Each structure stands twice: as structure tokens, then as C-alpha cells.
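Please read the structure below before turning to the comments.
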Amino acid sequence: MTARDFVWGVSTAAYQIEGAVAEDGRGPSIWDTRCRTKGGVSDGSSGDVACDHYHRWREDVALLRAIGVGAYRFSVGWPRVLPRGRGAANEAGLAFYDRLIDALLEAGIEPWLTLYHWDLPQALDDLGGWTSRDCAGWFADYAALVAGRYGDRVKRFITFNEFSVFTLFGYAIPWAAPGVTDRAAHLKAVHHVNLAHGAAVDVVRALVPGASIGAIHNRQIVIPEGDLEENREPAALLDEHWNLVFPDPQILGFYPPRTAAAIEPYVKAGDMARIRRPVDWFGLNHYGPIFAKADPNFVWGYGWGSPPEGSPDHGFGWPIFPEAFRDELTLIARRYRLPIVVTENGCNTDDAPDANGEVHDPRRILYLKLYVQAMRDAMAAGADVRGYFLWSLLDCFEWGNGYGPKFGIVHVDRETQKRTLKDSARWYAEMIRTARKDP
Ligand code: FCB
């Protein structure tokens, strides 16, 4: 691979930017419900309007073109195209992504389509959602609809974004929709999502000639808080739930040891083969390491710990630690032996336009420089990394944290929806231009 083939992109997700939640026939998702639940989102906000991307997509494609990215990762909102999750499709919703995809291609930007970035249709959650084995089949049918509709123009497909975040925080630790806290529900969700992934890989492969399929794993080293003995076993269990219970069965064909016995009651004959379907690359989302501690307040007996005092961080305790990123890439390359695409990496900084209307975000630029360098170091050490997608294009709805965190390289004024390129967007544009010139 030459530097010219390396993909530089940005990522977004439907619920975080689109808004228009009740428009053109979209159905509700578990995140609409979560946002209406007291305490569901820290600032009481929702994705009702978000970045109004549903109406401003032309402007957003123009931004992508101005920055010069080669690829754009977005997600299809399942409830926008299938308002009840299954059954009748919503033509207006499908047509929205047609327009977006066509505009991207016209701008010379490759669309990377994520099937699931957490917005499960509420109607399916009412039937048990991911705790129901049937959900794997519902997801495969949805994947067939999307692949059949867009597969003539889209070749890059991602089954799921960050399996472990939405299963752990949705079914064990109540930090995300649907907010269940139960060990059995968590294990069932893990297994059924794995089955859904395998089924979707087959469906997309069958329907889209030349498809390049991946899944996105959020892998981060889990460090026992304070290096204390009592935090070691909790950290090891969290490591399984966070880092291993999806890529191991999907790519290697087994569950890690602590989980294997616990999940057994939900595994039927033939399941492991259904889950382990060949994928083309490993998607990695990475921000920083995790610190774990024993915590009886949560169902698995572990909770989130704190980094050592004085560690640099970019908000809500997310430490800046580029070496961990380099090591993660190296470890993935060795363990899974697949090409890697970094599908999310980025930084939350609190930046706003100054008196001249400019947004200076030097801390983000510093973070990005450190992390891109760490990726290059991993590549120099042999990791086969094929692309890097920055999170995110726009300041957007950050799930349970509402609009507080700002990960965009484009500032979005919440009142006016005005978009302003931050210094980091210009820095990224320049970096991409320079990188493309390298032989
Ligand atoms: C990841 C999510 C993404 C965004 C970033 C900050 O966990 O995939 O949607 O919220 O974190």
C-alpha cells in the first residue's frame, strides 16, 4: 500500500447529527425514548434537532469536500428506513440516504456505511430488543434492505459500531439506551448481537459484489486503578466484556474464558460458526485507556476507576495516552491478523468562536498530532493500518453527555446551526494534502 491509498476520513452517526426525528415517517428509536427519560441524558437534551443534518446535508458534504477527506463514515438510521424496525420500509427515509450517497460520490468522497450506530427501533425493543434472539434475524433483514438499496454505489459496509459500548452500557451499566441492568440480559445481548453481525456479513456479501466488510470494535487497554490487587480481577472481567467478547468469537471463533461458561446457556449448536464469518478488515475506535476498579454498585462488580492523578485528559476522565493507541494497534495486528482501519479517534475540547468568529482549538491539534504519530509508529512496527477516520466532523449530540462534549473539527452553533471550520479542520486538511503527496 502506498501513502496515496491510505484512507483519511471523518465519522458521524445518524442520531447524533440528523435531527428530524419525527419527519418523513421516521419511527422512534431507543435513544428517543432515553432522551425523554429523566436522567437519561446529563443536560436533558436530545437528538430531536441535533445538527439538523437531515436538512443541511448538502452544506455538510461541501464541508467534507473543503477539508479534502477521501471517505466519509455515516450511519443509516434503522428507524428512518424501517420505522417499526421490520416490515414496511419508509421510502422517504431511504431516499434521504440516496441523496447523501450520490452527493458524496459526486464530490469524490467514498461512502462508508455503518448499519448500526445504536439507534435500535423502539418497536423492536418493545419485543425484547437485543435480549431476544429474533433480533439477529430482524437485523439481517434490515441489512438486506440497506445493502440491496445502496450496494450499487456503496462498497464499504460496517455491521456495528462499538459492540461493547452499547451492550455493556445498555444492558449492564445504565449509561445508555435501553438502560437495563441485568447480567443475563447483558450476556444475551452480547450473543445475539454477535449472531446479528454474522448474519449481516453474509447478507451484505451475497447482495453486494465487491463489498468490503468490517465491524467496529472499541478496544482500549483496561488498567486496574492504582495498580491495586483488589482491582485486578474486576479489570480482567471488564477487559473481556469491553475488548474480547466480540472480536474473539467473530474472528477467532471462541468466547474468552470468563465469559464462555456464563454465556453457554444462550449458545445453540452451530452458533459459533454463524458468528465467525470472514470480514475484510478490523475497525478500531480508540480514545484512551480505561481504568477499572471493584465496584459493587454495578451488576458485574466492576466500575470505572480514575487515571493516576495529574494524567493529561480531554474531558470526563478520558486520558491522553498515545502509546496505548500504538500498542493497541500492534496487539490487534498480531491477535487478529487483519488489515486495520481506525474508524474513530478524536478529542473533546471546549472551544467556541472568538470575537473574529474563528475557532482556535490547539489542544485538539496537539492530540491529533500525537495520535496520528502513534499510528504511524505502529505501522512502522508492522501493523497493517489502511485508514484513519477522525471523530468527528461536527460538534454533535454526544449520547448521555448531551451537547457538552465537543468532538467536531467543525463548530456548530446550537442556536443558528452555523458551521465554522475550526483550526483543527484546516490542520487536518493540510495533513491529508501532504500525506497524499508522499510516495
Ligand atoms: C464513541 C461513539 C461515538 C462518539 C464518540 C465520542 O464511543 O462511537 O458515537 O460518541 O465515542
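The values are calculated or read from the model by the stated rules, or taken from the named source; none is laboratory data. Every value quoted in this text rests on a predicted model; they were computed, and no experiment measured them. Note: ideal-geometry Cβ built from the backbone for every residue, glycine included; neighbour counts use all protein chains shown.
Counted as qualifying within the range 1-109 are the helices (runs of 4 or more DSSP H) with 2 or more residues that are more than 18 Å from the chain's Cα centre (by Cα) and away from the ligand (no atom under 16 Å from the Cβ), namely 30-36, 53-67, 78-81, 91-106. When we screen ILE213, ILE251 for residues that are modelled with pLDDT of 95 or more, in a helix (DSSP H, G or I), of a type in the set (Val, Ile, Thr) and at negative phi, the only hit is ILE251. For the range 396-412, which positions are within 11 Å of the ligand (Cβ to nearest atom), crowded, with 23+ Cβ neighbours inside 10 Å and part of a loop (DSSP other than H, G, I, E, B)? Scanning the range 396-412 gives CYS396, PHE397, LYS406, PHE407, GLY408. Against the test of being of a type in the set (D, E, K, R) and touching a residue at least 24 places away in the same chain (Cβ under 8 Å), the options ASP126, ASP102, ASP134 yield a single qualifying residue, ASP102. Tallying residues that are more than 21 Å from the chain's Cα centre (by Cα), under 30 Å from GLU323 (Cα atoms) and either within 16 Å of the ligand (Cβ to nearest atom) or surrounded by fewer than 19 Cβ atoms within 10 Å (Cβ to Cβ) (or both) within the range 257-290 yields 2.
When the residues of the range 165-195 are filtered to those that are within 17 Å of THR259 (Cβ to Cβ), assigned to a loop (DSSP other than H, G, I, E, B) and of a type in the set (A, V, I, L, M, F, W, C), which remaining residue is farthest from the ligand (Cβ to nearest atom)? Residue satisfying both the conditions and the ranking: ALA172. When ASP361, ASP350, ASP354 are checked against the criterion of being surrounded by fewer than 17 Cβ atoms within 10 Å (Cβ to Cβ), within 16 Å of the ligand (Cβ to nearest atom) and either under 30 Å from PRO174 (Cα atoms) or among the acidic types (Asp, Glu) (or both), ASP350 stands alone in meeting it.
Do the conditions hold for VAL359, that is, is it in contact with a strand residue (DSSP E or B) (Cβ under 6 Å, 6 or more places away or on another chain) and among the hydrophobic types (A, V, I, L, M, F, W, C)? Judged against the criteria, VAL359 is a match. In the set (1) in contact with a helix residue (DSSP H, G or I) (Cβ under 9 Å, 6 or more places away or on another chain); (2) without any contact (Cβ under 8 Å) to a residue 40 or more places away in the chain, the condition left unmet by GLU309 is number (1). Select from the range 111-131 the residues that are within 16 Å of the ligand (Cβ to nearest atom) and assigned to a loop (DSSP other than H, G, I, E, B) and write down the one among them that is nearest to the chain's Cα centre (by Cα). Looking at the filtered set, the residue picked out is HIS117.
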